[in-house]
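Each reported figure results from applying straightforward, stated rules to the coordinates on display, with no laboratory input. Predicted, not measured: the structure shown is a model, and the values here were computed from it. Cβ placement follows ideal geometry from the backbone for every residue including glycine, while neighbour counts extend to all protein chains displayed.
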Amino acid sequence: MTLINNRNITRAVLILSFILINILLLLGISKVLDFLNSGADRISMLHLEKETINTYLPKVVWESIDNPGRVMEPNTLKTIEKDYLFSWYVKNKSLQDNSKAGIADYYTQNTRQNLYNTIKNNTKNEITIESTTLKHNPKLDFYSADGQLVVFTDKNVVEFQKVYQKKKLIAAVQDTATYKVMMLLEDGFWRVRHLQKIEKTTFPLDTVKSNSVFKIKGDKITKYNIDFTIKGINYYPKNSAWDTFGNSFNTDTISKDFDIIKNAKLNTIRIFIQYDDFGKADIKQEKLDKLKKILDLAESKRLFVIVTLFDFYSDYTLENWTLTHRHAEKIVSTFRDHKAILAWDLKNEPNLDFENRDKSNVLNWLEHMITVVKESAPNHLVTIGWSNSAEAIHLADKVDFVSYHFYNAIEDLVKETKNLAVITTKPIVIEEFGVPSYKGIWNLRGSNEKEQAQYHKKMQALFKKNNLAFMSWTLYDFPHVPDQVAGKWPWQKKRQKRFGFIDVNGKKKPSYLYINH
Amino acid sequence: MRKTIYIVFLLSIALLLAFGTLLGRAKKEVFILDTKTKFFIAGNEVKIQFTSNSKTVVPQLYIIHSYGKTLLVGTYKNGKLTFKLPELYAKKTGTVSWFLIASEKTIAQGIFEIIPNKNRQTQIENYLGPRSILAGGKEFTMMVAVPTDGLDNPVMENTPVLIKNQFLNNITIDTEKTKDFIAWKNIFSSRPSGKILVSTECKNSATKEIETEVYPNIASDFSINYSRNHDFADGNQITTLSTSVIKDHYNNIVSDGTLVAFIITNKTNIILKTFGTTINGIATGQLLHPDHPDFYTIKAYITGIAESNSFTIQYKAIIAKFNYAFSNHNRTLTVGPLKSFMNQLVPDGIKVTVKVIHENKLIETLQEDTSNGIVKFYISPDFYKAKKYRFEITTLGITQKSEIKNYDPNQQ
């Protein structure tokens, strides 16, 4: 006890607390210094960081850049276009959040006051407005000799907006209007000085003659004016399920698979393009090249292709509409004349997003997407792959043919299709159907391979009898299925792996006999 | 049991009825636009009125304006539904789209226009540029006037704007009509250089003047001359080169600071340069006299734009021959005193070179500058150990050869 006397303890406590206080003091000082050193990046002075890619990409087509003032330089035009689009972007954003962010960068001092007043008024009344513009058709009116002032008329701007009050949706409104705009070049930004909405102008309608291979005649799809019944299959290469255009892309594999499909006397395949995988709004050329290879291969084997866009995409917010539009436009217009393409399927089973992503949002998005795709490829058909026949009535008057996926009891097939045919006069395609050959601890009531064969036998008989267009799910059993598809749990995954006509070892399952009729 | 069935039955009938009447009523809702005016004047009150037979449905009016979008709540009175446009929108011009909205549906839509207010004091923004141009009538400065109506709205199309400009004795007034928000005019330079003053006027509102500088055009060819104190190649005096007053094609003196390069080619085709910048059209260059007889061919350029005549000037030798002497067992060579054209000593710093030659082979070249007209060379026994050397002495462009001198290699 004498060793640990009070004095030593006091000493130790004193020394330790002294050290502790010092450490805390140093930490505090360093925090303060840290804070003082933080701030805007120096590069932000140059305004280099603002790019419209992946922000806001409505379609912009300059009608004419002839003007009585100075000759417009292509570079300046690009800058003006960029800053003008940003002026819309910050305006939309300010209406949505009732915040002033960015407005000072794209509106001159007098002009921004008007927007601030709007923000104030809407904040007071708790109004928020989500909006986006879809199309701009500017025509240059005037560019001053010193290159500091520009006036143009942005014809028939298509605006889509959703109005909320107290966070409750009041309405979704689409409007088309023409704007006359004057912009000034101020410290590196083109800023809006005057903006005036004027009445929309009438455009002469496009009179492009369609020379498409596939057309719609009543409730039939025709190929060179002869009735064509889709007998098809959904296709992923065996080892790259839901990743057709990934690293294991191999034309030899695909070519062999196409031979199998062709030998089964099927005429159509359905493939899938993942939104992120293709680079969102900034499409990767490498992916387009791969898609071209597949399409060329299909053409050489005389198979037709339904290309499904926007797989794994589920954000339908107005903010991203223009980005998805450019995504679709780039892909679709690249292949606008490709003879192998039968149709563009805008989205696989979009009705599954109704609950989480707001039904009206999804439907509005699809409706506008139809326009975008039809404008980009007038010679191809357009459809939407609904997950059941009841939902397939949506937008039925807008698509070229109605597609639905059938996973119900066999006896309902004819009834469901007939019910749908009452509502729409368009051709109907059963775009997916199938049953997994999986019976195990996760799925005691499932079918085995024989039962799967029986299922397909019965289905094919019905297709034949009623002359229905069909596309089965799917050619292969898959060794791997990504979590995004069915879920991460084994009972979800196992099922999804066994829908094929050919098993993972390449052996044809009994159902293969009934891949066609 | 029976009781509950009755209750359920009655309840469902009541519900059905309620629903049915609601449906029936919804069908009959009619809203007729009363406001026939299509145009409103900015700053005045804007009211949109509907006649309605509805008692339950209260639609809202959604407004899309150039500078914003908003939702209006109407006031209902005697079957009239009135919407008042907020002042912030009513004072800005342009088309306004409206959508009458009830239960997420647009039940009527239309547009009206707000036009500029003529009674407000007009204001004008002017943009003039480029702010400096060249004389001669090919270049112009552009005046862009943006008149607004006092509420910062662009005035009506075809509003006349006076664009006035003054240059020397001329005052010009033009009337331009606005189109696309602006009225504009190109004002061309004329032959003389000077200042163009521009101002505008619209509906009794006038602006301040703004000026554009008309600079002289690019130089045309010019001539050069020289002056010097004497024509001796003394390596000391300076020859001054100067240009004539350099003018552009329209007789304007070129801008001060125009760079003129004088290019000098000597007897041996070596090129020398000197530069000058113009003041009041004249550029001067300075050139040190050579220290040996030479002749210079001189020509001046304004690079890429204009050139001068060329001439040749001569520099005469200041001496025909000079003296030198050996002393200290030939170890010390004294050159000079060098005398100039009137027997004065040459300026300090005249270069003298001595080539040391042994059996017709050049051993070394020595060089010194004169001081008080004299140079001394020391032929050190440590380095020059041979018995015989010969020397070639050059200064002021003249070379003299000595006879062979004898040396004692053992001398310390």
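Overall size of the range B:75-150 from C-alpha positions, given as principal axis extents largest first: 73, 29, 14 Å. Using the average count of surrounding beta-carbon atoms within 10 Å as a protection proxy, the listed peptides B:260-268, A:268-276 rank, highest first, as A:268-276, B:260-268. Give the residue from A:Asn125, A:Thr202, A:Thr229 lying farthest towards the positive end of the charge dipole for the range A:113-269; charges sit on Cβ (+1 for Lys and Arg, -1 for Asp and Glu) and the dipole is referred to the Cα centre. Toward the positive end, the furthest listed residue is A:Thr229. Legend: residue pairs A:Lys280/B:Lys69; A:Lys284/A:Lys359; A:Lys120/A:Lys168, Cα-Cα distance threshold 21 Å; pairs beyond threshold, A:Lys280/B:Lys69; A:Lys284/A:Lys359.
As an exercise, find the ratio Rg/Rh for the range A:214-514 from alpha-carbon atoms, using the Kirkwood inverse-distance average for Rh. Mind dumping the intermediate values first?
Details: Rg = 18.2 Å, Rh = 19.5 Å.
Result: Rg/Rh = 0.93.
Could you tell me the ratio Rg/Rh of the range B:28-115? Both radii from Cα atoms, Rh via Kirkwood. The Rg/Rh ratio comes out at 0.95.
Taking only the alpha-carbon positions of chain B and ignoring solvent, what does the Debye formula give for the base-10 log of I(q)/I(0) at q = 0.10 Å⁻¹? Computed log10 I(q)/I(0) values: -0.90.
Normalised by the number of residues in the range B:67-206, the mean separation of alpha-carbon contacts (under 8 Å, six or more apart) gives a relative contact order of 20 percent. Cross-link pairs exceeding 22 Å between alpha carbons, from the set A:Lys135/A:Lys217; A:Lys167/B:Lys105; A:Lys93/A:Lys200: A:Lys135/A:Lys217; A:Lys93/A:Lys200.
Beyond 28 Å between alpha-carbons counts as too far, so tell me which of A:Lys287/A:Lys457; A:Lys100/B:Lys118; A:Lys180/B:Lys36; A:Lys162/B:Lys92 fall in that bin. Intermediate values should be presented prior to the final figure.
Values: A:Lys287/A:Lys457 37 Å; A:Lys100/B:Lys118 32 Å; A:Lys180/B:Lys36 25 Å; A:Lys162/B:Lys92 24 Å.
Among A:Lys287/A:Lys457; A:Lys100/B:Lys118; A:Lys180/B:Lys36; A:Lys162/B:Lys92, the Cα-Cα distance tops 28 Å for A:Lys287/A:Lys457; A:Lys100/B:Lys118.
Result for chain B in a Gaussian network model with C-alpha springs under 10 Å: among B:Lys91, B:Lys36, B:Lys80, the largest mean-square fluctuation is at B:Lys36.
Mean separation of Cα pairs under 8 Å and 6+ residues apart, divided by the residue count of the range A:50-198: what relative contact order is that in percent? Intermediate results must be reported in sequence, preceding the final value.
On the way: 299 pairs, mean separation 36.7, N = 149.
Result for the range A:50-198 is 25 percent.
In this Cβ point-charge picture (+1 for Lys and Arg, -1 for Asp and Glu), chain A has a dipole of about 1440 debye about its Cα centre. Within the range A:50-198, the percentage of alpha carbon pairs spaced more than 22 angstrom apart rounds to 40%. For the range A:443-517, the Cα-based Rg and Dmax, in that order, read 13.4, 39 Å. Working from Cα pairs under 8 Å separated by at least six residues, relative contact order for the range B:50-134 is 25 percent. Summing +1 for each Lys or Arg and -1 for each Asp or Glu among the other residues whose beta-carbon sits under 12 angstrom from that of A:Gly147 gives -1. Electrostatic tally near B:Ile163: other residues with Cβ closer than 13 Å to its Cβ, Lys and Arg +1, Asp and Glu -1, net -1.
With the convex hull drawn over the C-alpha atoms of the range B:242-354, the volume per residue is 140 Å³. A cut-off under 11 angstrom between Cβ atoms defines the neighbours of A:Lys359, and their net charge, with Lys, Arg +1 and Asp, Glu -1, is -3.
Over the Cα atoms of chain A, the radius of gyration divided by the Kirkwood radius equals 1.11; this is the Rg/Rh ratio.
Putting +1 on Lys and Arg Cβ atoms and -1 on Asp and Glu Cβ atoms, find which of A:Leu342, A:Phe18, B:Ser244 reaches farthest to the positive end of the dipole of the protein assembly as shown. Checked the options; the winner is A:Leu342. For the range B:324-406, a crude dipole built from +1 on the beta carbon of Lys and Arg and -1 on the beta carbon of Asp and Glu, taken about the Cα centre, is about 320 debye to the nearest 20. In the frame of its principal axes, the range A:350-411 has Cα extents of 38, 27, 14 Å, reported largest first. Averaging 1/r across all pairs of distinct Cα atoms in the range B:123-215 and inverting the result yields a Kirkwood radius of 13.3 Å. Taking the inverse of the mean 1/r over every pair of distinct Cα atoms in the range A:334-453 gives a Kirkwood hydrodynamic radius of 16.0 Å. Each Lys and Arg Cβ is given +1 and each Asp and Glu Cβ -1; about its Cα centre, the range B:224-315 then shows a dipole of about 120 debye. Ordering A:Ile80, A:Ile65, A:Ala409 by Cα displacement along the dipole of chain A toward the positive end leaves A:Ala409 in first place; charges were set at the Cβ atoms of Lys, Arg (+1) and Asp, Glu (-1). Each principal axis of the Cα cloud of the protein assembly as shown was evaluated for its coordinate range; sorted largest first, these ranges are 154, 101, 83 Å. For the range B:324-406, the Kirkwood hydrodynamic radius from C-alpha pairs, put into Stokes-Einstein at 37 °C and a viscosity of 0.692 mPa s, yields a diffusion coefficient of 249 µm² per second. Within straight-line reach of B:Lys273, meaning a Cα separation under 27 Å, sit the following lysines at least 8 residues removed in sequence or on another chain: B:Lys247, B:Lys299, B:Lys316, B:Lys351. Taking chain B as a Gaussian network, where each spring joins two C-alpha atoms under 10 Å apart, which residue of B:Phe377, B:Phe222, B:Phe232 fluctuates the most? In the Gaussian network model the winner is B:Phe377.
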